[in-house]
Amino acid sequence: MHNYLSPIDQDHVDRTELMDLAEQLAAPGLIKHKERAIRVLTACCIANILRLFAPDAPYSIEQFEMIFSLFLHQLKGVAEPDGPYYNYHYFLLESLSTVKSVVLIFDLPQADLLQREIIQMALDMMMQPSLMKNVKLYLLELVQTLLEECDQISVELVADLFIPHLMVGSS
């Protein structure tokens, strides 16, 4: 399904034909599937759905909460370039960064918490010296998008961003 959705151009798609598929992809049975391959492919397909439906995502708040939890867990896979599903993890990161569908988290009640989790995950991963430069750039783009698009930056996020750096060297 991922290979079917990826080449479809946003301007030449009949969204009504994709509604059933979009709904099926958001099923808890796929999003929380025990098989890692199913989860990462589901995440990639949903990222494609978000691209094709932009700016009007076909998901409810409850579905988005599950979807962004899935995205957060799957993005961590870009830290494993030798992993069997690395290309899918990379696709997900690239899609969320370039399409900027990550901004949809701001429609969720727990937007601040999700924003902090994604930014912290991205910053932690960028500190890994073995991470490829293009992965770091996409992670940085995610962070930049999340900071630019939010209405207000929480005190907790500022603390998460700066306190670790202020503590270096003090003892």
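Some notes on this structure:
- With every protein chain in place, the chain: carbon and sulfur % of accessible area (1.4 Å): 55 percent
- The simple spin-label model puts a point 7 Å past each Cα toward its Cβ; for Asp107 and Asp151 those points are separated by 1.6 nm.
- Residue-normalised accessible area of the chain, given per residue in Å² at a 1.4 Å probe: 55 Å²
- Annotation: extensible slack from Thr98 through Asp20 equals 25.6 nm (criterion: 0.36 nm per residue apart, minus Cα-Cα distance).
- In summary, the convex hull built on the alpha carbon positions of region 1-92 has an orientation-averaged projected area of 5.8 nm².
- Efficiency of FRET between Phe162 and Ala27 - r from beta-carbon atoms, R0 41 angstrom, step 0.05: 0.55
- As an equivalent ellipsoid, the chain spans semi-axes of 28, 19, 14 angstrom, where each value is the square root of five times an eigenvalue of the C-alpha gyration tensor, largest first.
- Where labels lie 7 Å past Cα in the beta-carbon direction, separation of Ser130 and Asp82 in nm: 0.7 nm
- Overall Cα dimensions of region 57-99, principal axis frame, Å, largest first: 35, 19, 12
- Qualifying lysines (Cα of each under 20 Å from Cα of Lys100; at least 8 residues distant if same chain): Lys76, Lys133, Lys136
- Segment Asp56-Ile38, extension gain: residue separation times 0.36 nm, minus the distance between their alpha carbons: 4.0 nm
- Stretch in the chain that is longest and holds no trypsin sites (Lys or Arg not before Pro) that DSSP places in a loop and that have at most 16 other beta carbons within 10 Å: 35-171
The values are calculated or read from the model by the stated rules, or taken from the named source; none is laboratory data. Note that the structure is predicted; figures quoted are calculated from it, not measured. As a convention, Cβ positions derive from the backbone with ideal geometry for all residues, glycine included, and neighbour counts pool all protein chains shown. Only protein heavy atoms, including side chains, enter the accessible area calculation; ligands, DNA and RNA are left aside. Shrake-Rupley method; radii C 1.70, N 1.55, O 1.52, S 1.80 Å.
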